[in-house]
Amino acid sequence: MTASGVVKRVGSPLLFGVAFLGVWELIVMAFDIAPFTLPAPSAIWSAFIERFDQVLEETLVTGKNALIGFLLGIVFGVLMSLLTVRFVGVESLLTPLAVAVNAIPIVVIVPILNNMLFGTTSQVPRRLMVMLIVFFVVFINVSKGLRQVSATHLELMRSYAATPWEILLKVRAPNAVGYLFTAMRIAAPLAVITAFVAEYFGGVQSGLATGVRNSLNGSKDVTWAYVIGASVLGLTFYLVSSGLERLHGGKQNSG
Amino acid sequence: MTETSEPIDVTRAVEVIGASMVFNDGTPARVAALNDVDLVVETGDFVSLIGPSGCGKSTLLRLIANLLDPTAGDVRVNGKPAAQARLDQDYGMAFQKSGLFEWRTAAKNIELPLELKGWDKRLRAERVGEMLDLVKLPDRGSNMPWELSGGQQQRIAIARALASHPPLLLMDEPFGALDEMTREHMQSELLQICAATHTTVVFVTHSIPEAVYLSDRVVVMSAGPGRITDTIDVELGGTRNEDTREKDAFYGKITEVREALRGSEMTGEARGIEDR
């Protein structure tokens, strides 16, 4: 990439971001907007610095919930898609259930898990919620990758007298790897959002959403400080997962 | 059948007896892809199947490979039922799309049938090396398929098809996607490889010069329903090489095949079932 290319790619959005914050700051000053309604970026920044340790702590709580749910969702999503592709009967049993579960709003499931199964002292319902959302994305995408294999490859495997397990392991699974990385890129930000929303609906008094909720009555600069934590967390998940996808894609198609 | 006739059966690489193939029978989309086809390929022969689209040449190849089961008739390969021959991996296959597994290196692609057959790892590596030498790509084993040209990909596919020493090679327009120069070069290579490995070949093509150049016999097929209309023996004398393409006998055979194809088309029209 040329120097001017770098300036264009990184410089323009950066300039726009700085300008956006500047205009925000000016509007808050010019119209004398109360911090209770909309705090100025400078106020948010100082609140963020002031409470950095607490914001970090809540970010790590939410991040841990999102990560555990994310990994569990991937494991179950991959296992289930392997099973449904290998055993045709399982698919007709499982897919409608997966779709039905996915259709239940988070808002409904989290209180049910909180109240009925785990009480309000556990992070488990939040992690389960993240797992459900991630599971669905992984299940749908990986199933597709396992099925969309080239007809020539299947004919070849038949000519080698390969068993269904060999076809699954040597053709379908490698074909689905790219689909798994795509599913991870889609599911990673979803995992953070779900962990955040799940915290919002009760449970243990920890996590970013709890911080946001508890600060809503006071000055909003604290609320926005937690929002910074949430965006950094979401961005991290997205960058890592899309980085992994690109790494895999680069290995696969560099020519 | 008596005991004494058994050895005669074994020498036949392929024996198709009264085979018919009907797709979607009993529905409006019913297609008679093949109707009562008989074909014998002797061991060591190079036989091409040629004909217009829809004449069932690829279907016939898939019956021999037991990728499809005939709706009527019988298919035997190396004296066994086609299904048993497939389980014993008595044949290798190559397609128009090279069908290389894009997540495996060239060497790993050649190795796959050996892996599935349960060969020992050391033997596999040795055999892959031999095959890379045979198709004249000794340095390309570690390349991924997309790093190879179309012709190189087809060579790897042929190496893979022949890796486990099958006595029979089934090819479905393997050079159809290559440019003319590469194609002619690959044809000569294929003849050398088959001579070196004593492989019987059944080769589907829609190119008349290709069929004539490669084959001991050209089987002419016709569509609607798919059937064999003519079989032309190709005697060109001596070893075939690039000079063969300049010979009068070569042109004579091309004309003969072309007329056989045209003749089968005419009868098709006369019967009002031309399918194009």
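The values are calculated or read from the model by the stated rules, or taken from the named source; none is laboratory data. This structure is a prediction, so every number in the text was calculated from the model and none was measured. Please note: Cβ atoms are built from the backbone with ideal geometry, for glycine as well, and neighbour counts cover all protein chains shown.
Every residue, every condition in (1) out of contact with any Ser or Thr (no Cβ under 9 Å at 6 or more places or on another chain); (2) at pLDDT below 90, yes or no:
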{"position": "A:198", "(1), (2)": "yes, yes"}
{"position": "A:211", "(1), (2)": "no, yes"}
{"position": "A:215", "(1), (2)": "no, yes"}
{"position": "A:220", "(1), (2)": "no, yes"}
{"position": "A:223", "(1), (2)": "no, yes"}
{"position": "A:236", "(1), (2)": "yes, no"}
{"position": "A:251", "(1), (2)": "yes, yes"}
Would you pick out the residues in segment B:85-96 that are more than 9 Å from chain A (Cβ to nearest Cβ) and not hydrophobic (A, V, I, L, M, F, W, C)? B:90
Identify, please: which residue in segment B:209-256 is in contact with a Pro (Cβ under 9 Å, 6 or more places away or on another chain) and assigned to a helix (DSSP H, G or I) and is, among those, surrounded by the fewest Cβ atoms within 10 Å (Cβ to Cβ)? B:245
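Rundown of residues vs (1) in contact (Cβ under 8 Å) with a residue 60 or more places away in the chain; (2) closer than 18 Å to residue B:169 by Cα; (3) within 14 Å of another protein chain (Cβ to nearest Cβ), yes/no style:
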| position | (1), (2), (3) |
| --- | --- |
| B:108 | no, no, yes |
| B:111 | no, yes, yes |
| B:118 | no, no, yes |
| B:137 | no, no, no |
| B:143 | no, no, yes |
Report yes if residue B:99 is within 13 Å of chain A (Cβ to nearest Cβ) and buried (at least 17 other Cβ atoms within 10 Å of the Cβ), otherwise no. yes
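Select the helices (runs of 4 or more DSSP H) contained entirely in segment A:98-184, then report the ones holding at least 1 residues which are among the polar types (S, T, N, Q), more than 21 Å from the chain's Cα centre (by Cα) and within 14 Å of chain B (Cβ to nearest Cβ). Steps first, please.
Details: elements: A:106-112, A:124-147, A:151-159, A:164-167.
By residue number, A:151-159.
Scan segment B:104-139 residue by residue and report those that are part of a helix (DSSP H, G or I), hydrophobic (A, V, I, L, M, F, W, C) and over 12 Å from residue B:162 (Cβ atoms). Full working, then the answer.
Taking segment B:104-139 and keeping what is part of a helix (DSSP H, G or I), we get B:106-116, B:121-134.
Then drop every residue that is not hydrophobic (A, V, I, L, M, F, W, C), which leaves B:106-107, B:110, B:112, B:114, B:116, B:123, B:125, B:128, B:131-132, B:134.
Passing the criteria: B:106, B:107, B:112, B:116, B:123, B:125.
Quick grid of which residues meet (1) of a type outside the set (Val, Ile, Thr); (2) over 11 Å from residue B:48 (Cβ atoms):
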site: B:156; (1), (2): no, yes
site: B:160; (1), (2): yes, yes
site: B:172; (1), (2): yes, yes
site: B:178; (1), (2): yes, yes
site: B:182; (1), (2): no, yes
site: B:186; (1), (2): yes, yes
site: B:203; (1), (2): yes, no
site: B:207; (1), (2): yes, no
site: B:222; (1), (2): yes, yes
The one condition in (1) assigned to a loop (DSSP other than H, G, I, E, B); (2) without any contact (Cβ under 8 Å) to a residue 40 or more places away in the chain; (3) over 18 Å from the mean Cα position of the chain (by Cα) that residue B:101 fails to fulfil: (2)
Give all pairs with beta carbons closer than 7 Å in which a residue from segment A:33-61 that is closer than 17 Å to residue A:233 by Cα and outside any helix (DSSP H, G or I) meets a residue that is at pLDDT 85 or above and of a type outside the set (Ser, Thr, Tyr); count only pairs at least 6 apart in sequence or on separate chains. A:51/A:225
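Can you find even one residue in segment A:73-86 that is among the basic types (Lys, Arg) and buried (at least 22 other Cβ atoms within 10 Å of the Cβ)?
So the first thing to find is which residues in segment A:73-86 are among the basic types (Lys, Arg), and the list is A:86.
Next, from what is left, pick out any that are buried (at least 22 other Cβ atoms within 10 Å of the Cβ): none.
Within segment A:73-86 (the criterion being among the basic types (Lys, Arg) and buried (at least 22 other Cβ atoms within 10 Å of the Cβ)), the answer is no, since none of the residues qualifies.
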Residue count, segment B:193-221, condition at pLDDT 90 or above and not β-branched (Val, Ile, Thr), comes to 11
Do we have residue A:80 as touching a residue at least 40 places away in the same chain (Cβ under 8 Å), closer than 18 Å to residue A:192 by Cα, away from every other protein chain (no Cβ under 14 Å) and in a helix (DSSP H, G or I) here? no
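What is the residue count in segment A:15-32 for residues that are outside any loop (DSSP other than H, G, I, E, B) and farther than 16 Å from residue A:224 by Cβ? Write out each step before concluding.
Filtering segment A:15-32 down to residues outside any loop (DSSP other than H, G, I, E, B) leaves A:15-30.
This time we only want the ones that are farther than 16 Å from residue A:224 by Cβ, so: A:15-16, A:18-19, A:22-23, A:26, A:29-30.
Number satisfying all stated conditions: 9.
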